[in-house]
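Structure first, commentary second.
The values are calculated or read from the model by the stated rules, or taken from the named source; none is laboratory data. Just so it is clear, the model here is predicted, and its values are computed rather than measured. For neighbour counting, all protein chains shown are included, and Cβ atoms are generated from backbone atoms with ideal geometry for every residue, glycine included.
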Amino acid sequence: MEFFRNTNIDFLGKKWYCLAFSLVFSVAGLFSILFWHGIPLGVDFRGGTLVYVKFSHTPDDNAIRAAMDRVGLKNARIQRYNVANNSNEVLIDLDVRETSETALDQGKTKIIEALETNAPAGKVDLNNASSLTIANYLLEKDPLRAGTDANQRYTAQAQAIINVRDKVRGGVLSSLEELKGPVDPAVVAVLQDGFYLSDFGIRNVEIVGPQVGKQLQSQAVLATVYSLAGMLVYLAFRFEWIYGVAAVVTVFHDTVITIGAFSLTNKEISLTVIAAILTLIGYSNNDTIVVFDRIRENLKLMRRESLAEIVNRSINQTLSRTILTTGLTFLTVLALYLFGGEVLHGFSFALVVGILIGTYSSIAIAAPILVAYQEWRAGKGKAGVIPGGGGRERVKAKA
């Protein structure tokens, strides 16, 4: 299947427009990294505490931020997630980097302290109470007159309350009436004396320590560097060193623009984003190799043509294949970006940007580097030689 047959687009004739395009986006990304947002590292790399909070109403980010500041939680990052499902969930990123159990409780306690307003004196928030707290309260009140098996019965009742709250109601109870059925009516009645219902519930607390974050940073950088080095060695062996240089420069260009896009939009870079970037390195390299391989074949068939003409012909010959494969992949990752949810948002965003830029650079960056190298050699008075793989093919410089 082909979209185009016998196209004759002068891609190299538009190389200066492509260079201007790349410069604008590369410089914008670098300026953002150096002077504006920096590289917005996620908690995986910088360390910190993530607190997942569910509200019974649409949360107000500004009000939450003000509440955090009031209890001394400065620079808290607040991010809505599962917005498409209207779940009223918020991820609060705190700069608390201790990794002990005490730190987990500390982060949760501080969030509760910040968000609880007008809490009745002497009562416990049922939406954030543990099963043990509820069970101990029921044991003290003994509404079922349980006798010798009181501990077992009230533990079961406490767990039933937790199940209704977390599994049925998504983490937040709006009324004690919602407990009726799974929970004994006598237990529901006595809860009113010792508990109240806030408008939020802490769903989960996660901590990544600073040492783990630094280790992940170094491993992510090394993974990227090793992949680029391996690519250079492979292409130098499979084709010739200039092909490897062109491919590495192209992938570096793609990586800079992709990371720059994260910085410009202030999206956090997590481990899944690094996985996406490594995927893009392979994807862009594959697309570049397809063009390079066709150039190598045409060098043997079109010995009388200039290298620029050979490169243009090669790009046109692979254009249909490029659009088919890239188009299908792009539609897949676009669907992932639009419907994949907050967890995959950074990963899919990197793929959307990277696939577009990677396809563009295989045509507009990698191939012109080969021509520029040949023209530079011709200008230095050396033979214009571009390797054809397994041997060298002489091509004349375009007049």
Somewhere in the range 132-153, is a residue exposed (fewer than 13 other Cβ atoms within 10 Å of the Cβ), among the small types (Gly, Ala, Ser) and part of a helix (DSSP H, G or I)?
-> yes
Residues of the range 38-91 being assigned to a strand (DSSP E or B) and either at positive phi or among the hydroxyl-bearing types (Ser, Thr, Tyr) (or both), in sequence order, are 48, 49, 52, 81
Output yes when any residue across the range 368-379 is modelled with pLDDT under 85, in contact with a helix residue (DSSP H, G or I) (Cβ under 9 Å, 6 or more places away or on another chain), loosely packed, with under 15 Cβ neighbours inside 10 Å and assigned by TED's automatic domain parsing to the domain that holds residue 278, and no when none is.
-> no
Per the filter on the range 167-181, residues surrounded by fewer than 12 Cβ atoms within 10 Å (Cβ to Cβ) and farther than 12 Å from residue 197 by Cα are 167
Residue that is closer than 30 Å to residue 113 by Cβ, among the small types (Gly, Ala, Ser) and in contact with a Gly (Cβ under 7 Å, 6 or more places away or on another chain), where the choices are 29, 42, 47 = 47
Give the residues of the range 53-91 that are more than 25 Å from the chain's Cα centre (by Cα) and farther than 18 Å from residue 198 by Cβ, sorted by residue number.
-> 69, 72
Output the residues belonging to the range 5-35 that are loosely packed, with under 12 Cβ neighbours inside 10 Å and either hydroxyl-bearing (Ser, Thr, Tyr) or in contact with a helix residue (DSSP H, G or I) (Cβ under 7 Å, 6 or more places away or on another chain) (or both).
-> 8, 17
Within the range 154-166, the count of residues that are surrounded by fewer than 18 Cβ atoms within 10 Å (Cβ to Cβ), under 22 Å from residue 52 (Cα atoms) and not β-branched (Val, Ile, Thr) comes to 3
Quick one: would you say residue 234 is over 30 Å from residue 357 (Cβ atoms), out of contact with any strand residue (DSSP E or B) (no Cβ under 6 Å at 6 or more places or on another chain) and hydroxyl-bearing (Ser, Thr, Tyr)?
-> no
Six or more apart or on different chains, Cβ under 9 Å: which pairs go from a residue in the range 291-307 that's assigned to a helix (DSSP H, G or I) to one that's aromatic (Phe, Trp, Tyr)? Could you list them?
-> 292/239; 292/243; 293/239; 295/243; 296/239; 296/243
Residue that is nearest to residue 29 (Cα to Cα), among those in the range 255-305 that are surrounded by fewer than 17 Cβ atoms within 10 Å (Cβ to Cβ) and of a type in the set (D, E, K, R) = 293
Is there a residue being surrounded by fewer than 19 Cβ atoms within 10 Å (Cβ to Cβ) and free of Cβ contacts under 8 Å to residues at least 24 places away in the same chain anywhere in the range 39-56?
-> no
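The rows are residues; the columns are (1) farther than 30 Å from residue 108 by Cβ; (2) touching a residue at least 40 places away in the same chain (Cβ under 8 Å); (3) assigned by TED's automatic domain parsing to the domain that holds residue 320; (4) not aromatic (Phe, Trp, Tyr).
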{"position": "199", "(1), (2), (3), (4)": "no, yes, no, yes"}
{"position": "220", "(1), (2), (3), (4)": "no, yes, yes, yes"}
{"position": "224", "(1), (2), (3), (4)": "yes, yes, yes, yes"}
{"position": "238", "(1), (2), (3), (4)": "yes, yes, yes, yes"}
{"position": "247", "(1), (2), (3), (4)": "yes, yes, yes, yes"}
{"position": "271", "(1), (2), (3), (4)": "no, yes, yes, yes"}
{"position": "279", "(1), (2), (3), (4)": "yes, yes, yes, yes"}
